Amino acid sequence: MEHIIDIRLLPLQEADREQFILDNQRAFKYGAQQEFGMRDDRMEEGEEIISRKTIERCMDDERAETYRIVHEGEVVGGLILQIDKQNAKGELEILFIKPEAHSKGLGQAAWKTVEAMHPEIRVWETMTPYFEKRNIHFYVNRLGFHIVEFWNKYQHGPAVPDDIDENWSEDDEMFLFRKTINNS
């Protein structure tokens, strides 16, 4: 019998925007530090793996849905989706779980909630840096995504945001993941 984890996705309130950005940066920095140690030259903005500009670009898009992930009354993470209902396509722009809440099934439970909220979406996409082994495991082995493309200095994906592309380097290698939902 599968253990059900109680997760709620609460739409981001303007008053929580700054904390959402800080929590997001902290979670991404934690992942890089786990992989590379305290000093990493992959930082976008000062000492951040993901810049404020990148997070705000995702949050401010007209198709964006931004949520806080809540478990047992505590904010444990957040996510940003881009929803294209006309084409039945969704993008998982950002998903993070606070480091102290890792490995408890919260990210997987949050994703199941997203899919239940958006049964109209048939194709989901997301991307992650090649070095994020935890994320690759999570998307492929836990959520059922497939790696469909590898972006690198020789192969830039058409969906790579301008603020990444203009500063592209060998260290910015990314995987594109896709999940197709079949309701048959």
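Below, the figures for the structure above:
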{"item": "In the stretch 94-109, residue surrounded by the fewest Cβ atoms within 10 Å (Cβ to Cβ) [restricted to those that are assigned to a loop (DSSP other than H, G, I, E, B) and touching a His at 6+ places or on another chain (Cβ under 9 Å)]", "result": "Lys104"}
{"item": "Qualifying residues in the stretch 15-31 (those that are under 11 Å from Met59 (Cα atoms) and out of contact with any Asp or Glu (no Cβ under 8 Å at 6 or more places or on another chain)) - the one surrounded by the fewest Cβ atoms within 10 Å (Cβ to Cβ)", "result": "Arg17"}
{"item": "Residues (at pLDDT below 95, exposed (fewer than 15 other Cβ atoms within 10 Å of the Cβ) and under 21 Å from Ile83 (Cβ atoms)) located in the stretch 125-161", "result": "Val148, Pro158, Ala159, Pro161"}
{"item": "Residues (modelled with pLDDT of 70 or more and either assigned to a helix (DSSP H, G or I) or touching a strand residue (DSSP E or B) at 6+ places or on another chain (Cβ under 7 Å) (or both)) located in the stretch 31-61", "result": "Ser51, Arg52, Lys53, Thr54, Ile55, Glu56, Arg57, Cys58, Met59, Asp60, Asp61"}
{"item": "Some residue of the stretch 165-174 being at pLDDT 65 or above, assigned to a loop (DSSP other than H, G, I, E, B) and touching an Asp or Glu at 6+ places or on another chain (Cβ under 9 Å)", "result": "no"}
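The values are calculated or read from the model by the stated rules, or taken from the named source; none is laboratory data. If you're wondering where the values come from, they're calculated on a predicted model, not measured in any experiment. Neighbour counts run over all protein chains shown; Cβ positions are idealised from the backbone, glycine included.
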